[in-house]
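Let me begin by presenting the structure, written as structure tokens, before commenting on it.
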Amino acid sequence: MRIRQPLLAAALAAVALAATPAAATASDVRGTDAPDRSAHSVLSTQPSLRILAMRSGLKVGTAVNMDLYGSDAAYTRIVDQQFSTVTPENVMKWQLVEPTQGTYDWAAADRLVAAAQENHQLVRGHTLVWHNQLPSWLSTDGTTTTFTPQQVRDLLRKHVVDEVSHFRGHIWQWDVVNEAFNDDGTPRQDVFYKAYQALGMNGLDYIADAFRWAHQADPHALLFYNDYNLEFIGAKSNAVYGFVQQLQAAGVPIAGVGFQGHLDTQYGFPDLQNNLQRFAALGLKVALTEVDVRTFVQPDPAKPGSYTDVPLTPALQATQESYWKQTLQACLAVRSCISYTVWGVADSNSWIPGVFAGEGAALLFDDNLQPKPQYQDLRQVLWTTRAPHRG
């Protein structure tokens, strides 16, 4: 996708010129001039997130559910119009692209890439190496396998090279390795770590291999390590910080680190800007790659044991809004923070309720694909923040 950068810039510049200065005033950004307008009207007449982000050069993206994209018109319109980058929520993961050993299924991922090109969007590839969502023929639990250690290494190499080669020239950033560390900073001893250990190597050497193989397959893609709970300076963030320094010292072609940004209002806000900056000081790009902000939500009186996607209290709603604004402000403040990706479009298709019982309301649009206050908050931040421009 990098080869289309000039086209992207020209297309977005043309769209930006179509928005009159009056349409982008601070009051309109907040949406207070016409609170009764329909969501479709608001999204059609107000400058989008992608247009407002052009002022700083930041790329604003979302994770895309390909079961909804193309089949749900409102969902598809939001993805196409609001965001300058897209990330496949699932369809580039190993489980989906090679469900049967030796037989690839690229159809859904190819459809996303083609749509991104048509809409002048960049693509974040997610993810090449992860202990979850592995094909069952390789591992059913992410830690054990029937293959020998050497076979695991060979299969890993084939997977990385085949997938990156298939999308060569069409991916802006790859999440090469995802979630390789535990919260206490120790390495996650997954199937790849164990295989490399059994071969007499450092268990984490699979990460360096994956980056080198990906770079060989597409030298122009930006290669990222991606993880959660990096936002807070602590054991895990420090371990990853030290590890990427080791990768750099060994000449491994790592370009950046992705901070997932899954936040929860019951915890304090992290020292995000300073943490992004210390990784950037290593000469790395940084990105917020999977942002959502969950909170406790109201029970559904019509369905005992179920919950709505409405925050439990106004105070929690206010905290959510604050966290959304602070995450974007932190990224904008760091020149090397080149993209900000929201993990999904609407609360109705968020992963949160299925994992955190009693929590939700984590995204920018509600169950009916109506923009929430958080959406307008991000627009306001993009419009009013004086941020260093990133190339």
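A few notes on this one:
- Taking the DSSP bridge list for the stretch 225-307 and keeping only pairs wholly inside it, about 10 percent are antiparallel.
- Computed over the chain, the P(r) tail beyond 39 angstrom holds 15 percent of alpha carbon pairs.
- Only beta bridges with both residues in the stretch 275-391 are counted; by DSSP, about 50 percent of them are antiparallel.
- With Cα atoms defining each centre, the stretch 301-318 and the stretch 257-293 are spaced 27 Å apart in the structure.
- Highest-MSF residue in the chain out of 274, 182, 202 [GNM, Cα springs under 10 Å]: 202
- For the stretch 323-373, the Kirkwood hydrodynamic radius comes to 12.3 Å, computed from all pairs of different C-alpha atoms.
- Reachable lysines from residue 93, criterion Cα separation under 28 angstrom, eight or more residues apart if same chain: 59, 158, 194, 236, 285
- Virtual spin-label span in nm between residue 282 and residue 205, 7 Å along Cα→Cβ: 2.1
- Carbon and sulfur %, accessible surface of the chain computed with the full protein complex present, 1.4 Å: 53
- All-pairs Cα distance distribution in the stretch 100-170, expressed in whole percent, bin size 10 Å: 16, 47, 26, 10, 1
- Estimated translational D of the stretch 86-227 in µm²/s (Stokes, Kirkwood radius over Cα pairs; 4 °C; 1.567 mPa s): 85
- Take every DSSP beta bridge whose two residues both sit in the chain; close to 15 percent of them are antiparallel.
- Stokes-Einstein D for the stretch 153-279, Kirkwood Rh over Cα pairs, 25 °C, 0.890 mPa s (µm²/s): 160
- Distance from the C-alpha centroid of the stretch 168-184 to that of the stretch 66-111: 17 Å, rounded to the whole angstrom.
- Distance from the C-alpha centroid of the stretch 371-391 to that of the stretch 198-234: 31 Å, rounded to the whole angstrom.
- Residue 372 contributes an accessible area of around 20 Å² to the protein surface, as traced by a 1.4 Å probe with all chains present.
- The residues of the chain have, on average, 39 Å² of accessible surface per residue, using a 1.4 Å probe with all protein chains present.
- Most fluctuating residue given options 355, 161, 310, as computed from a GNM of the chain linking Cα atoms under 10 Å: 355
- The chain: calculated mean residue ellipticity at 222 nm from DSSP helix runs of at least 4, using -39500 (n - 2.57): -12000 deg cm²/dmol
- Here residue 322 sits with roughly 40 square angstrom of accessible surface, probe radius 1.4 Å.
- Listed residues 339, 71 arranged by accessible area, highest first, probe 1.4 Å: 71, 339
- Length-normalised contact order for the chain - Cα pairs under 8 Å, 6+ apart - percent: 17
- Across the protein chains, with a 1.4 Å probe defining accessible surface, the residues 300, 377 rank 300, 377 from largest area downward.
- Measuring with a 1.4 angstrom probe and ignoring ligands and nucleic acids, residue 321 comes out at about 30 Å² accessible.
The values are calculated or read from the model by the stated rules, or taken from the named source; none is laboratory data. Just so it is clear, the model here is predicted, and its values are computed rather than measured. A quick note on method: Cβ atoms are made from the backbone with ideal geometry, for glycine too, and the neighbour counts reach across all protein chains shown. Ligands, DNA and RNA are stripped out before the accessible areas are found, and what is left, the full protein with its side chains, is counted by its heavy atoms. Shrake-Rupley method; radii C 1.70, N 1.55, O 1.52, S 1.80 Å.
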